Amino acid sequence: MARTVLLAVEEDRDLREQIARALSDEGYSVLEAKNAREALSMLSLIRPNLLLLDTLMPLMSVWVLEALKDTPQLRSMPVVLLSSHIERAPRHVASLVRKPADLPTILGAVRQHCD
């Protein structure tokens, strides 16, 4: 059985690595991107099962959300936003996890959309 592939996009390297390690320990295959430009480049080559996306990053995470809406192959991919400033998830986003978030909360959001 193929492993579920996640793309974690987070500017904070320590947090990104913590999230990746925790999700990997749960059996997920986790790819990492440090900004929206890197994420878009990766999304042109791979189709992860879920995208974890920080909303306050250099090189604008909104680019990633727009690309997902505009690309038929990516449109149905669930997106979990990690945010300290958004109160409600935009309509096309699967879940919103408020930062600072603990790892069990992030894992719960991933499980909700991948298991």
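The values are calculated or read from the model by the stated rules, or taken from the named source; none is laboratory data. Note that the structure is predicted; figures quoted are calculated from it, not measured. Heads up, the Cβs are rebuilt from the backbone with ideal geometry, glycines too, and the neighbour counts pull from every protein chain shown.
Key figures for this structure:
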quantity	calculated
Candidate set from the range 10-19 (those that are within 13 Å of V97 (Cβ to Cβ) and of a type outside the set (D, E)); member that is surrounded by the most Cβ atoms within 10 Å (Cβ to Cβ)	I19
Residue in the range 45-58 that is over 20 Å from T4 (Cα atoms), at pLDDT 85 or above and either part of a loop (DSSP other than H, G, I, E, B) or hydrophobic (A, V, I, L, M, F, W, C) (or both) present	no
A36 closer than 16 Å to V79 by Cα, aliphatic (A, V, I, L, M), buried (at least 16 other Cβ atoms within 10 Å of the Cβ) and modelled with pLDDT under 85	yes
Filtered residues of the range 8-33 (kept if among the charged types (D, E, K, R), in a loop (DSSP other than H, G, I, E, B) and at pLDDT 90 or above)	E26
